[in-house]
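The values are calculated or read from the model by the stated rules, or taken from the named source; none is laboratory data. What you see is a predicted model, and the numbers here were worked out from it, not measured in a lab. In this analysis, Cβ positions are derived from the backbone assuming ideal geometry, glycine residues included, and neighbour counts consider all displayed protein chains.
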Amino acid sequence: MSDDVAIRATGLTKRFGALAAVDGVDLTVRRREVYGFLGPNGSGKSTTIRMLCGLLRPTAGEIDVLGYRIPRDAEALKRRIGYMTQRFTLYEDLTVGENLDFLAAVHELPRAAARTRIAELLERFRLADRHGQLAGTLSGGQKQRLALAGTVLHKPDLLFLDEPTSAVDPQSRREFWESLFELADTGTTLLVSTHYMDEAERCTRLAILDRGRMVADGTPRDLMTNLPGRTLLVETREPREAQRLLAGTPGIIAVAQIGNSLRVLATEGADFDRRVIEHLRAAGIEAHVQPIAANLEDVFVVATTAPAERPHAAA
Amino acid sequence: MQLRRLGSIIVKELRQLRRDRLTFAMIIGIPTMQLVLFGYAINLDVRHLTAAVVDQAQTARSRELIADLAATDVVRLGHVFQSPQQVDEALRAGEISAALVIPPDFETRLERRDRPAAQIIVDGSEQVIQAAARQLAAFPVYADVGWTARTNGIEVVNFYNPQRRAAVNTVPGLVGVILTMTMVLFTAIALVRERERGNLEMLIATPVSPWELTLGKVLPFVGIGLLQVTIVLLLGDVLFDVPLRGSLLELYAAALVFIVASLSLGVFLSTLANSQFQAMQMAFFTFLPQILLSGFMFPYAGMPVPAQYVAEILPLTHFLRLIRGIMLRGATLGELWPSLAALGVFIAIVLGIAVSRVHKSLD
C-alpha cells in the first residue's frame, strides 16, 4: 500500500442472514481527501463505515486502513481514528467539560496536554461558554459541534462521519462543513456519508452506494460531466401533460417538474432532444427543448436506477 | 487494562449516578424502607386480637382467669357471649379471632385435673393467628389453684415477646435481600443503558477494552453495596438491637463476596437484555426465587428436596448462612467455608460466561 492511500478495501461484503447489506465494494481513499458516501437509507453506507473502523466483521473482503489490516489490527487502529454518528452518543447527563475530560482519559492524553487541547477545541467549536452545561440541554447544532470536538480530541489521522448532519438545521450544516474542510487542511482524511446532494457535491471524491453496491465513484465534477447531453430542459405550456407522456417513454429514466418546466433524464445523449420534441409534437404538445448541464442529483438517479429499468444503460 | 482509563470510567459513572436522583434515592431508600417494613410490619408477635368470653362457670376464679388473660394484651375481650354457639357464629363472621370458653364445671375440672379446665378457640384460617394459638395454648390455665396469684405481667410479656427474636432473624437476612435486589438490578441496568443510549457505539471506536468498561461501571456499585450493608446494620442495631456476635470485619468480607456474586449476575443479565426494561424484568426473575427459596422467607429445612437443590444454586442461600452464622452464632469464616466456597464457584461460573459474552463489536 502506498503512503498516499488511507483506506483500501477490496471485495468488501457483509451479509446479515440472506441479506447482503454490503456486496463486493472496492474502495480507495487517498490521504487528505474528503471522501463522500452518497446513498439512500439502507444502501450500506453505515455498514461499510463500521467495517472500515473495525466495529463490524466483514463476511468477505480485504480491508487496509492506515496500514492496518482490519479487523485483525482494529484495536491499534482505534487510537488513530475518530468515529462520529448521526445519533448523539456522548453522555447527556455529563457536562460539556466532563464529556471531553472523559474522552481525553479514554484516549490517554497526558493531563496537561488534554487541558490545553480541550480549551482549544471549545474555543474553535464555540462552546467555551458552555463548559459547565449538561450536554443533554445543548441545542442540536451545539451537540453536534461537541460530538465533533470529542471525535477529534486525540487528533486522529482519519475521521469516519456517518451522516453527521442528519439531525441539524441548514445553518449548522454549513458551519459543520466549514469545520470539516479546516480539518482536511490540517492533514486529516475524512470519510463522510450523507444523503444530501449539496453536501456530496462538496466532497473531493464521491462514491454512490445503492443496495449494498458501489454504483459510481469519482470526483463530483467528473461524475456530472460524464452525462453529456443526457439532461434536457423541456419548456411547455402543458408540463403535466408532457410529463405523463414522457414518463413512460423508453430511453427516459426520470422526468421531474421544476416550476413550469420539466427536467428530463435520458439513458443516452446523442440526438435525444430532437426525439423528445418530435415525440411531444406527435401528441400535439409544442415544446422548447434544450440540453443542460447535469447536476449531482442526475448522477445519483442514473446511478441508482436498476439496470432493468434502463435498457441502454451507459457504463 | 489501564488504570487511568478505568478511573475515568468510575468517575464518569459516579457523576452520572449523582445526577440520577431516583437511583440515588433508591440506594438509600430501599434499605431503610425494607428494614422498617420487615422489622416492624412482618412480625409474628400478635397483639390485640379481638376475642370473646363465654363464662358459664361464673365463679371468682373464672373471673380472675378472664382478667389475667385480658392483662396479656394478646387478646382484647370485646364480647361477652352466653353460649359456645354464639362463638361459632362470631368466628365465622370474622367478628372475633379468638374466644375463651369456661365450662360450667370449671372449678371441678381445676380440682381433678383430668380434663382441660377451659378452652381457647382460635380462628385457624389465618396463619398468624394460628401461631398465636400455640402461644395461648401454653397459657397456664392448668396450673395449681394458686397460679393466678403468681402470674405477674412480666412473665406473660416475656412469653409473648417474639418481637425481638423476629427482628434478630430478619435483619441479617435483609442485608442479603437488599443487596440481591439492588446490586443485580443496578448493574444490569447501568450496563444496558450504555448500549441503549448509543454511548457504546462511541466507546467501542475508542481504545477502551470491554474489561475496563465492565469493571469501571461495576466497581462503584461495590462501594454502594457496602454502604447499604452499613445502613442496614446501623439501623438494625439502633432500631431493633440486633446483636453482632462474630467479627465485623469478617461480616464485611462475606458481604463483599456476596456483592461481587450479585454484580456478576447483573453483568451476565446485561449481556442478555436489549433494553433497560428487559434488564429490569430479568433482575426480578432472578430475585423472586432467591427471596422464596433462600431461607429468608421459609425455613430451608422445611422445603422439599428439589427446592433445596435449587436453593443451593442461589447465592442468597449461601450468604444467609454466612451472615446468620457470623451475626447470631458468632461463627468465623473459617467455620463457614463451604458457603464462602459456593459463592466463589458461583462468581467464577457466572462472571466467566458474562465476560465471554461482552464483545467489543456491534455484531
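Has the stretch A:67-75 got any residue that is facing chain B (nearest Cβ under 10 Å) and of a type outside the set (Asp, Glu)? The answer is yes, given that some residue of the stretch A:67-75 is facing chain B (nearest Cβ under 10 Å) and of a type outside the set (Asp, Glu). Screening the stretch A:86-101 for residues that are within 11 Å of another protein chain (Cβ to nearest Cβ) and closer than 24 Å to A:Leu190 by Cβ and picking the one that is surrounded by the fewest Cβ atoms within 10 Å (Cβ to Cβ) gives A:Arg87.
Among residues of the stretch B:96-119 being in a loop (DSSP other than H, G, I, E, B) and in contact with a strand residue (DSSP E or B) (Cβ under 7 Å, 6 or more places away or on another chain), the one that is surrounded by the fewest Cβ atoms within 10 Å (Cβ to Cβ) is B:Ala118. Checked against (1) within 30 Å of B:Arg18 (Cβ to Cβ); (2) more than 13 Å from every other protein chain (Cβ to nearest Cβ); (3) in contact with a Cys (Cβ under 8 Å, 6 or more places away or on another chain), A:Leu121 meets all criteria but (3).
For the stretch A:76-85, does any single residue satisfy the condition of being more than 8 Å from chain B (Cβ to nearest Cβ), in a loop (DSSP other than H, G, I, E, B) and over 20 Å from A:Ala200 (Cα atoms)? Yes: one or more hits. Within the stretch B:183-199, residues that are under 12 Å from B:Lys217 (Cα atoms) sit with their Cβ atoms under 7 Å from residues that are assigned to a helix (DSSP H, G or I) and among the charged types (D, E, K, R), at 6+ positions apart or across chains, in these pairs: B:Ala190/B:Lys217; B:Leu191/B:Lys217. Among the candidates B:Arg245, B:Arg197, the residue that is out of contact with any helix residue (DSSP H, G or I) (no Cβ under 6 Å at 6 or more places or on another chain) and either modelled with pLDDT of 90 or more or closer than 22 Å to B:Leu328 by Cβ (or both) is uniquely B:Arg245.
For every residue, the table says whether it meets (1) touching a residue at least 60 places away in the same chain (Cβ under 8 Å); (2) surrounded by fewer than 21 Cβ atoms within 10 Å (Cβ to Cβ).
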{"position": "A:Glu163", "(1), (2)": "yes, no"}
{"position": "A:Ser166", "(1), (2)": "yes, yes"}
{"position": "A:Leu180", "(1), (2)": "yes, no"}
{"position": "A:Asp198", "(1), (2)": "no, yes"}
{"position": "A:Glu201", "(1), (2)": "yes, yes"}
{"position": "A:Leu206", "(1), (2)": "yes, no"}
{"position": "A:Met214", "(1), (2)": "yes, no"}
{"position": "A:Thr225", "(1), (2)": "yes, yes"}
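Would you say B:Ile66 is more than 30 Å from B:Asp237 (Cα to Cα) and in a loop (DSSP other than H, G, I, E, B)? Here the answer is no, as B:Ile66 does not meet what is asked.
Looking only at residues that are in a helix (DSSP H, G or I) and touching a residue at least 24 places away in the same chain (Cβ under 8 Å) in the stretch A:89-113, which one is nearest to B:Leu17 (Cα to Cα)? Among residues in the stretch A:89-113 that are in a helix (DSSP H, G or I) and touching a residue at least 24 places away in the same chain (Cβ under 8 Å), the one nearest to B:Leu17 (Cα to Cα) is A:Asn99. Restricted to helices (runs of 4 or more DSSP H) entirely inside the stretch B:272-354, those with at least 3 residues that are of a type outside the set (Asp, Glu), surrounded by fewer than 20 Cβ atoms within 10 Å (Cβ to Cβ) and under 21 Å from the mean Cα position of the chain (by Cα) are B:276-293, B:305-313.
Residues in the stretch B:313-359 that are under 15 Å from B:Ala253 (Cα atoms) and of a type in the set (Ser, Thr, Tyr): 2 in all. Which of (1) touching a strand residue (DSSP E or B) at 6+ places or on another chain (Cβ under 9 Å); (2) at the interface with another protein chain (Cβ under 8 Å from one of its Cβ atoms); (3) closer than 24 Å to A:Phe37 by Cα is the odd one out, the single condition A:Thr59 does not satisfy? A:Thr59 satisfies every listed condition except (2).
Of the residues A:Ala247, A:Ala207, A:Ala254, the single one that is within 33 Å of the chain's Cα centre (by Cα), within 30 Å of A:Ile49 (Cβ to Cβ), at pLDDT below 90 and among the aliphatic types (A, V, I, L, M) is A:Ala254.
Per the listing A:Gly132, A:Gly42, the residue uniquely over 27 Å from the mean Cα position of the chain (by Cα), more than 11 Å from chain B (Cβ to nearest Cβ) and in a loop (DSSP other than H, G, I, E, B) is A:Gly132.
The single condition among (1) within 30 Å of A:Arg30 (Cα to Cα); (2) within 23 Å of the chain's Cα centre (by Cα); (3) more than 10 Å from chain B (Cβ to nearest Cβ); (4) surrounded by fewer than 20 Cβ atoms within 10 Å (Cβ to Cβ) that A:Lys143 does not meet is (4). If you go through the stretch B:14-33 and keep only what is closer than 22 Å to A:Gly132 by Cβ, at pLDDT 85 or above and more than 10 Å from chain A (Cβ to nearest Cβ), you end up with B:Leu14, B:Arg21.
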